[in-house]
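Enquirer: Take a look at this one; I'll ask things after.
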Amino acid sequence: MKVSWVVSTTVTISLLFLLFFTTSKNIVEEIKMGLDLQGGFEILYEVKEPYEGNEIPEQELLTQMASLISDRINLLGISEPVITIEDNNRIRVQVPGVKDQEEAREFISIGGNITFRDTNDQLVFSSRDFSSVEIEKTSENSPPIVSIDFTESVDMERVTNKYEGKRLVLWLDYMNGDSYKEENSRGNSKIIFEGKMNQAWSRSGMALGSQLTKQESEMIAKAITTGKLPAPLKELSSQSVSAKLGEKSLNQTLISGIVAIILVFSFMVWRYRLLGLVSILCMISYLYLTIGLFVFFEGVLTLTGLAAFILGLGIAVDATIIKFERLKEEVQPGKSFLQTVMNASNRTFVTIGDAQLTTLMTAAGLFLFGVGSVKGFATMLLISIVAGFLTCYALLRLLLYMIGESLVVEWYEDRK
């Protein structure tokens, strides 16, 4: 083997391993795991007709609803929710890592249409009239007070004069046809507060809370702050995964994946000797590049995604084996090594390219028309195919150029 080949190969491999060791930890920490790996819940909502006064185009309505749902989830201190729009009137919400699932589920869909009305169901204020909402603590034993300030467009003096001494009702999700008399008698009522109008409200706002608990006050404040959902949500389906079950699934999947990778590496070393070690370097590069691209595109890792990840490794190994076998066929006495590698690479390009192109088309179809976990599988498979081609074809070709003739000839003679 020429000295120049030894130096170039050593430098290239050293740089690759330096890149792996210095950045792998940060990349792994940035991986977003789905609810099936860390627990959480998933809900599929149907977006109904907009509330009164909300004339919004269909696509804009869905986008606005998804954004507001995300704001609500963020208020709960939950990171990395996955919200996707499906069909023309559905929104899928995935919330991984949530501790109190019931609280989160209730808060996501609560209070889409927040209004103050009189006991005759006439509109007095809507959430569009609110400029700010705050929680004021009075004492440790007393419940906090929710204070609402109104925009300058609201004539509080006129409203106070009209409704002073009368009862006003705070509604959540008021719909045409709802009645105060009927709703007030129900156990699970949309009415969360009612009280008399007084002169104190005429300054710029009003204060609620004398008959609310701390938890109710905080929930109302959050709902009012992000309560401008322009349309009601209907829950079509839901599923939840406990944190322990998600952790168990992750551990079992990782173990099975590691075992599969070790078996593949062992086979390549047994079958191709030193060339097998070269292929292992390419496969490690595949693992690194796939995870890096997945994090870069802000993908969410799920069980199906892990399955696509391992499947992609198998496809990449297949490309490596094809190239090695073609290389064996091209090794002939008197033929330059550079020409041997070039001919083998050219012969395998069409075979590998066609195989990966058809898989790429299948993955693209799954991504475009699939939903939920199917789309997650397709995303990882698309990234895996690209990463596999770059590492187990392009990088392998480069390494074979640098490693030199002696290693290939040695392997060829061993296989006779």
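The values are calculated or read from the model by the stated rules, or taken from the named source; none is laboratory data. Keep in mind it's a predicted model, so treat the numbers as computed, not measured. All Cβ positions, glycine included, derive from the backbone under ideal geometry; neighbour counts span all protein chains shown.
Enquirer: Which of the residues belonging to the stretch 286-300 are more than 19 Å from residue 396 (Cβ to Cβ), assigned to a helix (DSSP H, G or I) and in contact (Cβ under 8 Å) with a residue 60 or more places away in the chain?
Expert: Listed by number, the residues that qualify are 291, 294, 295.
Enquirer: Does residue 213 fit the bill of being at negative phi, touching a Lys or Arg at 6+ places or on another chain (Cβ under 6 Å) and modelled with pLDDT under 70?
Expert: Answer is no for this residue.
Enquirer: Examine the stretch 337-349 for a residue that is among the small types (Gly, Ala, Ser), buried (at least 18 other Cβ atoms within 10 Å of the Cβ) and at pLDDT 85 or above, and state whether such a residue exists. Break it down into steps so the answer makes sense when it comes.
Expert: Start the filter on the stretch 337-349 by keeping residues that are among the small types (Gly, Ala, Ser), which leaves 344-345.
After this cut, where a residue has to be buried (at least 18 other Cβ atoms within 10 Å of the Cβ) as well, the list is 344-345.
Now restrict to residues that are at pLDDT 85 or above: none.
Checking the stretch 337-349: not a single residue is among the small types (Gly, Ala, Ser), buried (at least 18 other Cβ atoms within 10 Å of the Cβ) and at pLDDT 85 or above.
Enquirer: Those residues that are in contact with an Asp or Glu (Cβ under 8 Å, 6 or more places away or on another chain) and buried (at least 23 other Cβ atoms within 10 Å of the Cβ), I need them from the stretch 294-330; list them, please.
Expert: Taking the stretch 294-330 first, the residues in contact with an Asp or Glu (Cβ under 8 Å, 6 or more places away or on another chain) are 295, 300, 302-303.
Listed by number, the list holds a single entry, 302.
Enquirer: Another one. Return the residues of the stretch 166-185 that are farther than 24 Å from residue 230 by Cα, modelled with pLDDT of 75 or more and part of a loop (DSSP other than H, G, I, E, B); say none if nothing qualifies.
Expert: 166 - this is the single residue of the stretch 166-185 that is farther than 24 Å from residue 230 by Cα, modelled with pLDDT of 75 or more and part of a loop (DSSP other than H, G, I, E, B).
Enquirer: So which of 388, 404, 365 is at pLDDT 85 or above and within 16 Å of residue 324 (Cα to Cα)?
Expert: Result: 388 is the single residue among 388, 404, 365 that is at pLDDT 85 or above and within 16 Å of residue 324 (Cα to Cα).
Enquirer: If you scan the stretch 251-265, which residues turn out to be hydrophobic (A, V, I, L, M, F, W, C) and surrounded by 12 or more Cβ atoms within 10 Å (Cβ to Cβ)?
Expert: Selection gives 254, 260, 261, 264, 265.
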